[in-house]
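The values are calculated or read from the model by the stated rules, or taken from the named source; none is laboratory data. These numbers were taken from a predicted model, which means no experiment stands behind them. Heads up, the Cβs are rebuilt from the backbone with ideal geometry, glycines too, and the neighbour counts pull from every protein chain shown.
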Amino acid sequence: MRVILAFVVAVLVAFFLGAAVLTGFDQAGFAAAHGGPLSFGQRLGWYLVTMKGLALDVGLYPLLVTVGLLIAFLAAAFVKRIAPGLRFWWYAGAGAVAIVTLVLTLKAVMGLFVIPGARTVAGIAAQGVVGLIAGGVFAALSRAPEQRGRFSLR
């Protein structure tokens, strides 16, 4: 149950943080093109629209994030046996690879960057950081209770 809950939280982190990063890149581009800053209300509204678009309009984004992280974390679970002391980094790295792969695969399959904030190298790298954080969250939350008290990233 602990691992399932950790996975659900990791997917939610990837989705909400990913939408925030995408929105930030979109807003930076808009502000640069239109020469004016956005108010907090405008930024929040834009974020909510982005989330709605990713979840309902595009629809596949949450599903693809879920499947991508599932495959990545399963692979990390096997690979971590090589160096169990690096458990945290196996999962964090797997999360980063999953999200970057998602962005690049959508580009390859659809012929365009479906996720607007991930059109640049910086945008793709930022999505990788989102996956890294989601993987780290999964690693931390899925750790067995007897391992949580120690100061370690295992």
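Brief remarks on what is shown
- From the list A14, A77, A6, the lone residue that is closer than 19 Å to A118 by Cβ and either out of contact with any Gly (no Cβ under 6 Å at 6 or more places or on another chain) or acidic (D, E) (or both) is A14.
- Condition check for A125: closer than 19 Å to V11 by Cβ, modelled with pLDDT of 90 or more and either under 16 Å from the mean Cα position of the chain (by Cα) or part of a helix (DSSP H, G or I) (or both): no
- Taken as a whole, region 73-96 holds no residue that is modelled with pLDDT under 85 and more than 30 Å from R143 (Cβ to Cβ).
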